[in-house]
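Report on the structure given below.
Rule-based calculations on the coordinates, nothing more; no lab input. In this text, all values refer to a predicted model and were calculated from it rather than measured experimentally. Cβ: placed from backbone, ideal geometry, glycine included. Neighbour counts: every protein chain shown.
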Amino acid sequence: MNRIATTFEKLQSEGRKALIPYITAGYPFAAITPSLMHGMVEAGADVIELGVPFSDPMADGPVIQKAGDRAIANGVNLRQVLAYVREFRQKNQTTPVVLMGYANPVERYDQNHGADAFVNDAAEAGVDGVLIVDYPPEECEEFAAKLRARGMDLIFLLAPTSTPERMQQVARIASGYVYYVSLKGVTGSGALDTSAVEAMLPRIREHVKIPVGVGFGIRDAQTAQTLSRFSDAVIIGSKIIQLLEDQPHEKVIPLTVDFLRGVRKAMDA
């Protein structure tokens, strides 16, 4: 059993839900990422989603796009992201780390470093799961099998527009957890209708038997608390990125810790 399964099993036994913060690797400063990850864990994060910077992130809104651009300007690429995970693992061997990104950096990495280099290097770095936004389930069974062979999960997105057929396809290949995109559109967009999410989750669970996390549009502790009543995890990204924009180095970690502690407290209340 890998770290993701162990974490969700432990949370279930405690009657708690997972808090999964997202941060773009290398944002807002190149070298701060491992320390920021440790701060997130201290604040109550159960899983960390680490965004791989990419120049054309089609599912992301302007907030995360801008963060990716800044990380790229800071010289951060997939190789550097794996180095951050390795550094994080020097002090933390228990908190799952999921890389979230797009196909291009992964395929480019293999072109530069050899076949299956990404899977092998990610496993050696201490990655637990991978979410590739533009890898549809019907086209990546082999990739999923290679990840599983190295103890890693392939995580998929489902959306309000997902059909039962798509849910079945995802359920057949996905492991770890499924990420339910609670809004139509890109990250950070729109107003979240929690009642619509609550109505959708039983439909997803008819097909998906692994944990279901909810993300996109979660901006405060109260919304996280509401969603945690009927989801297995709450995923927060754009709000954290926004919080850190234009902050000096010394404020990045304290601000993140303070925000996540408030969310964790509300979810556990």
Residue in the stretch 200-209 that is crowded, with 24+ Cβ neighbours inside 10 Å, under 17 Å from ALA159 (Cβ atoms) and not aromatic (Phe, Trp, Tyr) present: no
All but one of (1) of a type in the set (Gly, Ala, Ser); (2) in contact (Cβ under 8 Å) with a residue 24 or more places away in the chain; (3) exposed (fewer than 14 other Cβ atoms within 10 Å of the Cβ) hold for ALA145; state the number of the condition that does not hold. (2)
Pairs with Cβ under 9 Å, 6+ apart, first in the stretch 1-29 and in contact (Cβ under 8 Å) with a residue 60 or more places away in the chain, second exposed (fewer than 15 other Cβ atoms within 10 Å of the Cβ) and part of a helix (DSSP H, G or I): ARG16/LYS10; ARG16/ASP268; LYS17/ASP268; PRO28/HIS249; PHE29/HIS249
Does any residue of the stretch 117-140 turn out to be among the aromatic types (Phe, Trp, Tyr) and farther than 22 Å from GLY61 by Cβ? yes
Any chance the stretch 251-258 includes a residue that's of a type in the set (Val, Ile, Thr) and either in contact with a strand residue (DSSP E or B) (Cβ under 6 Å, 6 or more places away or on another chain) or under 27 Å from ALA174 (Cα atoms) (or both)? no
Filter result (surrounded by fewer than 24 Cβ atoms within 10 Å (Cβ to Cβ) and in a loop (DSSP other than H, G, I, E, B)) within the stretch 34-45: GLY44
